[in-house]
Amino acid sequence: EGDSICAYFALKFDTSISSYYCESYADELYKIDGVKWCHAISGETDMMVFVEVPNMNRLNDIRDQIQRFPELRHLMTHTVLTEFFNTTGNKFVK
C-alpha cells in the first residue's frame with residue numbers, strides 16, 4: 001500500500017517443541033497488527049511470517065515482540081526490496 005514496508009520473518013524454534021506450540025504462536029502472530037500471513041514450512045526454518053507496516057519503527061516493534069517468544073531460537077528478517085509480481089490479488093509494494 002503505497003510507501004509501506006514489507007518483510008519476511010524466518011522463525012526457528014527449539015527443536016524439542018511440538019507443532020502444537022507453532023499453532024499457538026500462529027494464534028499470537030494473528031493478533032499482531034501488520035502481520036499479513038504466517039506459514040509453517042519444511043526445512044531448517046519452522047515458520048515464515050509476512051508483515052506490511054507503515055515504517056521501520058513498527059517493523060522493529062513487531063520483531064521485538066516476536067523475539068520474546070520463549071521457544072524462539074532464531075529470527076531472521078528479510079526486507080522486501082522490490083516486488084516483481086504478485087498473483088494473489090493483494091498488492092503490498094508499490
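The values are calculated or read from the model by the stated rules, or taken from the named source; none is laboratory data. Only a predicted model underlies this, so the values are computations on that prediction, with no experimental measurement involved. All Cβ positions, even for glycine, are placed from backbone atoms using ideal geometry, and neighbour counts span all protein chains on display.
Here's the yes/no breakdown for (1) under 15 Å from A7 (Cα atoms); (2) free of Cβ contacts under 8 Å to residues at least 12 places away in the same chain:
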site: K36; (1), (2): yes, no
site: I41; (1), (2): no, yes
site: T45; (1), (2): no, no
site: R63; (1), (2): yes, no
site: T82; (1), (2): yes, yes
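Quick check on segment 71-86: of everything there that is of a type in the set (V, I, T) and not in a strand (DSSP E or B), which residue is farthest from D46 (Cα to Cα)? So the residue we want is T82. On inspection, R58 does not qualify as loosely packed, with under 15 Cβ neighbours inside 10 Å, farther than 11 Å from A10 by Cα, out of contact with any Ser or Thr (no Cβ under 9 Å at 6 or more places or on another chain) and of a type in the set (D, E, K, R). The number of residues in segment 60-85 that are under 16 Å from D33 (Cα atoms) and touching a Phe, Trp or Tyr at 6+ places or on another chain (Cβ under 9 Å) comes to 3.
Within segment 23-37, the set of residues being touching a Phe, Trp or Tyr at 6+ places or on another chain (Cβ under 7 Å) and surrounded by 16 or more Cβ atoms within 10 Å (Cβ to Cβ) comprises just one member, Y25.
Quick grid of which residues meet (1) among the acidic types (D, E); (2) part of a strand (DSSP E or B); (3) touching a helix residue (DSSP H, G or I) at 6+ places or on another chain (Cβ under 8 Å):
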position	(1), (2), (3)
D33	yes, no, no
S42	no, no, no
M48	no, yes, no
V51	no, yes, yes
N57	no, no, no
F69	no, no, yes
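Any residue that is part of a strand (DSSP E or B) and modelled with pLDDT under 95 - is there at least one of those in segment 7-28? Checking segment 7-28: at least one residue is part of a strand (DSSP E or B) and modelled with pLDDT under 95.
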